[in-house]
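A.B. asks: This is the structure I want to talk about, given as structure tokens.
The values are calculated or read from the model by the stated rules, or taken from the named source; none is laboratory data. In this text, all values refer to a predicted model and were calculated from it rather than measured experimentally. Here the Cβ is made from the backbone with ideal geometry for all residues, glycine too, and neighbour counts use every protein chain on show. Side chains are part of the model used for accessible areas, which takes the heavy atoms of the whole protein and leaves out ligands, DNA and RNA. Shrake-Rupley method; radii C 1.70, N 1.55, O 1.52, S 1.80 Å.
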Amino acid sequence: MAGIGFTLKKMFQKETFSNRALAYLYSSFIAAGPWIISVISINALLMIMQILDVIAIERNLFSATIVYTFLFSQLLISPIQLLITRYLSDQLYEKKYEMIRPTFIGINKIVFFLSLIICTIFYWNKPIPIYYKIFSSYLFIVLSTIWILMIFLSAIKNYKLIIKAYLFGALVTIGLLFYLIENPIYFNEYQSATNFLIAYLLGLTTTLVFFLYSFFSTFEQRSIYEFDFIRYFNKHFSLCLIGIFYTAGLWIDNLIMWFSKFELTILDTFRFAPYYDNAIFLSYLTTIPALVLFLVLIETDFYLTYKQYFANANSPVTLKEIKKSENKMKKTLSDNLFFTFFTQLLISVTIVLLSTQIFNFLSINYMIRDIFKITTIGTLFNIMSFLLILIFLYFERKGNALFVAFSFFILNGIFTLIFKFLPIEYTGLGFTLASFISFMIASYILKKILKEITYTTFALQPIYIAEEKGIFVSISKFFNAYLFKKDMQKQNYKKATKK
């Protein structure tokens, strides 16, 4: 995030409306640009399907494929997302740039292998054509690779290219779709759904190619240590669990509702709940302002006071100076979080009050609207819980972040199960209640962390640096030794052939 903050600070130096507007626009693209573009492109495809009067079974097949691909690709990446972010930060801090490229290659090998296994198991004996299974599996692999690359993109810092890549990918999707509408590829079954899937798949592949070009042209230094990151599972396994439980918490209510009165099963392959899924999806779109504000305020305001406090804590200065920087950091963080929360609260409540008019104008089903009104309040508390988890990680309080993520996962599962059996008007209340309680827990923990910050900063410092040990360290060494051996054999072979 340091690269983002540096750019935003330059934009905010000039106190002009146009400069500030540009900074917020830039932040919006960074925080949610890819998400917005993806949502627009997918919904555009579904809208075109409806205009062309594509039969319901094909529309639902395409929609379910996209939902499943997004859900399970995110679950697949969730264990490594925060851990790899930490690993990359450490390598960049130590200026070990040669470790970035091989790390991506190593992770990608593992994810590619797991993706193939998941797709093979899921689509085995499913009553859909083999060609549709192949395209769906390819989409899953492409999207999983993009999630991995998004972790690395904070290191690249070329955010303009990211937005351009998504925009160009979306344009390729729409352009190719119009071509396929006039010149469809013939398939025995589900021709429309397959052609739409091909258009979306090639657009996403275009985005991936842009990302890969940017990544490999930025990090040209090579190394054989492709699996060095595995040792981080030993020291930072809690980051792995935070990613798993928070991501699972985001989706568990959807999974439960797939087995409710809202469920719809497509070709004995996909089971989902269109009304609930769409309501939740639209609700999360309303939280974009909170993400943008957090990015701007934390990176341009809080981070400076945070950095100054820990600089003082690690310098031979008086306790009075440390307490002064501590109070300044606390006030800055509290002010920023309060401002973010109340701004998002105002936006969420306004959208809920205007939802009837908005949904009628967009011709969206009233059942989605009624669920949306409840879940929008839930996503407000959920996004604030997520931001507090990030703050915990700033202060190296991984245990607290894990507790909040685990609490949200358990509460969302329990409350959604309870409210699932109640009348339709209560739908979404389980998610909202779980999000609210998780937010209250996170707020209490943050208050406690800030109260004890100076004590924990000094008391938790290690007395000595222990040697890295554990099963994951051994696994990392084994794979790296194997790759080193293969690399030596390759070099020896090249020398022999030259002679």
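Quick grid of which residues meet (1) without any contact (Cβ under 8 Å) to a residue 60 or more places away in the chain; (2) open to solvent by 50 Å² or more (accessible area, probe 1.4 Å); (3) farther than 23 Å from Lys133 by Cβ:
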| residue | (1), (2), (3) |
| --- | --- |
| Leu61 | no, no, no |
| Ile80 | no, no, yes |
| Asp90 | yes, no, yes |
| Ile105 | no, yes, yes |
| Val111 | yes, no, no |
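A.B. asks: If you scan region 291-321, which residues turn out to be in contact with a helix residue (DSSP H, G or I) (Cβ under 7 Å, 6 or more places away or on another chain), open to solvent by 50 Å² or more (accessible area, probe 1.4 Å) and farther than 21 Å from Ile347 by Cβ?
C.D. replies: Tyr303, Gln308, Glu321
A.B. asks: Are there any pairs, at least 6 apart or on different chains, whose C-beta atoms fall under 9 Å, with the first in region 357-370 and without any contact (Cβ under 8 Å) to a residue 60 or more places away in the chain and the second of a type in the set (Phe, Trp, Tyr) and loosely packed, with under 13 Cβ neighbours inside 10 Å, and if so, which?
C.D. replies: Phe359/Tyr366; Asn360/Tyr366
A.B. asks: Contact list please: Cβ distance under 7 Å, first residue in region 265-277 and more than 16 Å from Thr69 (Cβ to Cβ), second residue surrounded by fewer than 18 Cβ atoms within 10 Å (Cβ to Cβ) and polar (S, T, N, Q), pairs at least six apart or on different chains.
C.D. replies: Once the first residue is more than 16 Å from Thr69 (Cβ to Cβ) and sits in region 265-277, its partners that are surrounded by fewer than 18 Cβ atoms within 10 Å (Cβ to Cβ) and polar (S, T, N, Q) give Ala273/Ser260; Tyr275/Asn365.
A.B. asks: Hey, among Ser238, Ser214, which residue is part of a helix (DSSP H, G or I), over 30 Å from Phe395 (Cβ atoms) and within 24 Å of the chain's Cα centre (by Cα)?
C.D. replies: None of the other options fit; the residue is Ser214.
A.B. asks: Among the listed residues Phe392, Phe342, which satisfies the condition of being buried (at least 21 other Cβ atoms within 10 Å of the Cβ), modelled with pLDDT of 90 or more and either more than 22 Å from Leu450 (Cα to Cα) or not basic (Lys, Arg) (or both)?
C.D. replies: Details: Phe342 fails: buried (at least 21 other Cβ atoms within 10 Å of the Cβ).
That would be Phe392, the only listed residue that is buried (at least 21 other Cβ atoms within 10 Å of the Cβ), modelled with pLDDT of 90 or more and either more than 22 Å from Leu450 (Cα to Cα) or not basic (Lys, Arg) (or both).
A.B. asks: Among (1) of a type in the set (S, T, N, Q); (2) assigned to a helix (DSSP H, G or I); (3) exposed (fewer than 14 other Cβ atoms within 10 Å of the Cβ), where does Ser363 come up short?
C.D. replies: Result: Ser363 fails condition (2) only.
A.B. asks: Is it true that some residue in region 403-416 is among the hydroxyl-bearing types (Ser, Thr, Tyr), touching a residue at least 12 places away in the same chain (Cβ under 8 Å) and open to solvent by less than 50 Å² (accessible area, probe 1.4 Å)?
C.D. replies: Yes: region 403-416 contains one or more residues that are among the hydroxyl-bearing types (Ser, Thr, Tyr), touching a residue at least 12 places away in the same chain (Cβ under 8 Å) and open to solvent by less than 50 Å² (accessible area, probe 1.4 Å).
A.B. asks: Out of curiosity, is Ile141 closer than 23 Å to Ser41 by Cα, in contact with a Pro (Cβ under 8 Å, 6 or more places away or on another chain) and either open to solvent by 20 Å² or more (accessible area, probe 1.4 Å) or in contact (Cβ under 8 Å) with a residue 24 or more places away in the chain (or both)?
C.D. replies: Answer is no for this residue.
A.B. asks: Going by the conditions given, is Val317 among the hydrophobic types (A, V, I, L, M, F, W, C) and in a helix (DSSP H, G or I)?
C.D. replies: Values: among the hydrophobic types (A, V, I, L, M, F, W, C): yes; in a helix (DSSP H, G or I): no.
No: the conditions fail for Val317.
A.B. asks: Glu220 is checked against (1) at pLDDT below 85; (2) of a type outside the set (Ser, Thr, Tyr); (3) within 23 Å of the chain's Cα centre (by Cα) and fails just one. What number does that condition carry?
C.D. replies: Failed condition: (3).
A.B. asks: Right, here's the next one. Show the residue pairs that are 6+ apart or on different chains and have beta-carbon atoms under 9 Å apart, the first residue being within region 330-345 and of a type in the set (Val, Ile, Thr), the second being at pLDDT 90 or above and open to solvent by less than 60 Å² (accessible area, probe 1.4 Å).
C.D. replies: Thr340/Met384; Thr340/Leu387
A.B. asks: Restricting attention to region 119-141, does a residue exist that is within 19 Å of Ile230 (Cα to Cα), assigned to a helix (DSSP H, G or I) and not polar (S, T, N, Q)?
C.D. replies: The answer is no, given that none of the residues of region 119-141 is within 19 Å of Ile230 (Cα to Cα), assigned to a helix (DSSP H, G or I) and not polar (S, T, N, Q).
A.B. asks: Looking at region 188-196, is at least one residue buried (at least 17 other Cβ atoms within 10 Å of the Cβ), touching a Pro at 6+ places or on another chain (Cβ under 6 Å) and among the charged types (D, E, K, R)?
C.D. replies: First, the residues of region 188-196 that are buried (at least 17 other Cβ atoms within 10 Å of the Cβ): 190, 192-196.
If we keep only those that are touching a Pro at 6+ places or on another chain (Cβ under 6 Å) too, we end up with 195.
Next, from what is left, pick out any that are among the charged types (D, E, K, R): none.
Looking through region 188-196, none of the residues is buried (at least 17 other Cβ atoms within 10 Å of the Cβ), touching a Pro at 6+ places or on another chain (Cβ under 6 Å) and among the charged types (D, E, K, R).
A.B. asks: Can you pull out every residue in region 249-276 that is open to solvent by 20 Å² or more (accessible area, probe 1.4 Å) and part of a helix (DSSP H, G or I)?
C.D. replies: The answer is Leu250, Trp251, Ile252, Leu255, Ile256, Pro274, Tyr275.
A.B. asks: Sticking with this structure for a sec: Just give me the residues in region 394-421 being assigned to a helix (DSSP H, G or I), over 19 Å from the mean Cα position of the chain (by Cα) and over 30 Å from Glu263 (Cβ atoms), in sequence order.
C.D. replies: The answer is Gly399, Asn400, Phe403.
A.B. asks: Within the group Lys448, Lys477, which residue is modelled with pLDDT of 90 or more and not in a loop (DSSP other than H, G, I, E, B)?
C.D. replies: Only one candidate qualifies: Lys448.
A.B. asks: While we're on this one: Scan region 118-132 and tell me whether some residue there is within 25 Å of Arg271 (Cβ to Cβ), at pLDDT below 85, open to solvent by less than 50 Å² (accessible area, probe 1.4 Å) and not hydroxyl-bearing (Ser, Thr, Tyr).
C.D. replies: The initial filter retains those residues of region 118-132 that are within 25 Å of Arg271 (Cβ to Cβ), namely 118-132.
From what's left, at pLDDT below 85: none.
Checked against the condition, which is being within 25 Å of Arg271 (Cβ to Cβ), at pLDDT below 85, open to solvent by less than 50 Å² (accessible area, probe 1.4 Å) and not hydroxyl-bearing (Ser, Thr, Tyr), region 118-132 yields no hits at all.
A.B. asks: Within region 40-71, work out how many residues are in contact with a Phe, Trp or Tyr (Cβ under 7 Å, 6 or more places away or on another chain) and of a type in the set (Phe, Trp, Tyr).
C.D. replies: Within region 40-71, residues that are in contact with a Phe, Trp or Tyr (Cβ under 7 Å, 6 or more places away or on another chain) and of a type in the set (Phe, Trp, Tyr) number 2.
A.B. asks: Ok, one more. Given the criteria open to solvent by 10 Å² or more (accessible area, probe 1.4 Å), among the aliphatic types (A, V, I, L, M), closer than 29 Å to Ser260 by Cα and part of a loop (DSSP other than H, G, I, E, B), does Leu433 qualify?
C.D. replies: no
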